[in-house]
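This report concerns only the one structure given below.
The values are calculated or read from the model by the stated rules, or taken from the named source; none is laboratory data. Just so you know, these numbers come straight off a predicted model, no measurement behind them. All Cβ positions, glycine included, derive from the backbone under ideal geometry; neighbour counts span all protein chains shown.
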Protein chains: 2
Amino acid sequence: MTNPTAPSDRTRIRRIAENADYQRSTLYAIVDAAYLCHIAFQDAKGTHCIPTACWREGGHLYIHGSNGGRLLKLLSGDVQVCVSITHVDGLVLARSAFNHSMNYRSAVIYGCFERVTEDAAKRAALAAFMESLVPGRQAEIRAGSDKEFAATTVMRIALDEAACKVRSGGPNDDAEDMDIPVWAGVLPLLQTHGAPVVDAQVAVATPGYVLGWQSAV
Amino acid sequence: MTNPTAPSDRTRIRRIAENADYQRSTLYAIVDAAYLCHIAFQDAKGTHCIPTACWREGGHLYIHGSNGGRLLKLLSGDVQVCVSITHVDGLVLARSAFNHSMNYRSAVIYGCFERVTEDAAKRAALAAFMESLVPGRQAEIRAGSDKEFAATTVMRIALDEAACKVRSGGPNDDAEDMDIPVWAGVLPLLQTHGAPVVDAQVAVATPGYVLGWQSAV
């Protein structure tokens, strides 16, 4: 597949440009693999970088929070943001110190967040969030009350002005270093699932998504 | 241990303030567990959020890169930054949709980066980075040449104006939801180590830090 061009000047990757990837499928895969993003924005106190949970629906990245939260209040004011998501996939051990590297997948998204104001759309977005986290759970729990929905802000940003950068594979050594007698290769890093920890007062059978949690990676 | 107060107004956590942690030991542990950070800064093109590898020495967080890179060039100009590191530790499944949460450890650091200009200090910092990634490897590889060191910029930021936020443990359900017959608890997320991938032309015995990689988490 050919790599499209960068959607804007500020998303054009210059440093190690061969790792740049402007394909929408790459962007979606990086967002879908993430539980959270980092949001950079500016206000009267300076530049900030705040982590928050996120999910994707179609061509938008969504976040949510309490109406009272500073982040969402500020983002409602049409402020320009930069949203970043990065996954580290491994340490790349080369024959020289200089050629050591890391394998990673990163996405950087520019734009402004907009509020999801329509009630049904807000409920649908939050249901989609739950479904993305734990498929099937939404039907088992107590759904949000009108008061809880009213206290929650949902916002989204278009995944249009974005760039990804991906490094994979082994070390790129200088030709003259290839005979140095040292181990070279990749030490992979993975996000995996630990054994579920049940709450004290649970009296129901363990559902499939909990039983299968550790083996589903 | 008592929690010190926030070092500045902009590091004072207001939302779910009981998860705020201003202890230096917490901050250091979060930085030491990270391979990368996200750096937010402002320039003529807007607000940016760029991931980069990082490590800690004493009371500073360090980054490095090519002299020609835009990020390091820009940060050399005394620009105010916000550096964020976040680890996701699990999905917290509550009895109501609204009380679902995530367990996490996050650090947010404000300040300005400064260049490490002195040659010996720069070399020592890069050696410390390698040692933090793969203890013992520094002695086996080809060390940086004068040209490679000259092409590399090392910068650091004091870990002084910073705040951490940490959530751990099970769900906090509303009292009236406790009898809802649904599984509740935590689905843990972990960063683990995959099987090392050896480069094609390696003809040496596998070192201990590679043999032990998968079991060292």
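If only residues of segment B:75-105 that are outside any strand (DSSP E or B) and surrounded by 18 or more Cβ atoms within 10 Å (Cβ to Cβ) are counted, the one that is farthest from the other protein chains (Cβ to nearest Cβ) is B:75.
For the residues A:163, A:175, the requirement of being of a type in the set (A, V, I, L, M), more than 7 Å from chain B (Cβ to nearest Cβ) and loosely packed, with under 15 Cβ neighbours inside 10 Å singles out A:175. When residue B:21 is tested against the conditions (1) surrounded by 18 or more Cβ atoms within 10 Å (Cβ to Cβ); (2) farther than 17 Å from residue B:162 by Cβ; (3) of a type in the set (D, E, K, R), the lone failure is (2). Based on what the data block shows, is residue B:52 at pLDDT 90 or above, more than 30 Å from residue B:193 (Cα to Cα) and part of a strand (DSSP E or B)? For residue B:52, the condition - at pLDDT 90 or above, more than 30 Å from residue B:193 (Cα to Cα) and part of a strand (DSSP E or B) - is not met. Condition first: closer than 15 Å to residue A:192 by Cα and surrounded by 11 or more Cβ atoms within 10 Å (Cβ to Cβ). Now tell me which residues in segment B:196-215 satisfy that. Scanning segment B:196-215 gives a single hit, B:214. The sole residue among A:81, A:92, A:31 that is in contact (Cβ under 8 Å) with a residue 60 or more places away in the chain and either over 20 Å from residue A:160 (Cβ atoms) or in contact with an Asp or Glu (Cβ under 8 Å, 6 or more places away or on another chain) (or both) is A:92.
Residues that are farther than 23 Å from residue A:89 by Cβ and either touching a helix residue (DSSP H, G or I) at 6+ places or on another chain (Cβ under 9 Å) or more than 7 Å from chain A (Cβ to nearest Cβ) (or both) within segment B:31-47 comprise B:41, B:43, B:44, B:45, B:46, listed in sequence order.
Let's see how each residue does on (1) free of Cβ contacts under 8 Å to residues at least 12 places away in the same chain; (2) under 22 Å from residue B:102 (Cα atoms); (3) outside any loop (DSSP other than H, G, I, E, B); (4) touching a Ser or Thr at 6+ places or on another chain (Cβ under 7 Å):
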site	(1), (2), (3), (4)
A:132	no, yes, yes, no
A:180	no, no, no, no
A:183	no, no, no, yes
A:186	no, no, yes, no
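Yes or no: residue B:128 assigned to a helix (DSSP H, G or I), in contact (Cβ under 8 Å) with a residue 40 or more places away in the chain, over 30 Å from residue A:163 (Cα atoms) and more than 9 Å from chain A (Cβ to nearest Cβ)? Yes.
Just to be sure, is residue A:112 in contact (Cβ under 8 Å) with a residue 60 or more places away in the chain and not aliphatic (A, V, I, L, M)? Considered against the rule, which asks whether it is in contact (Cβ under 8 Å) with a residue 60 or more places away in the chain and not aliphatic (A, V, I, L, M), residue A:112 comes out as no.
Taken across segment A:142-155, residues that are part of a strand (DSSP E or B), crowded, with 19+ Cβ neighbours inside 10 Å and within 16 Å of the chain's Cα centre (by Cα) do occur, with at least one present.
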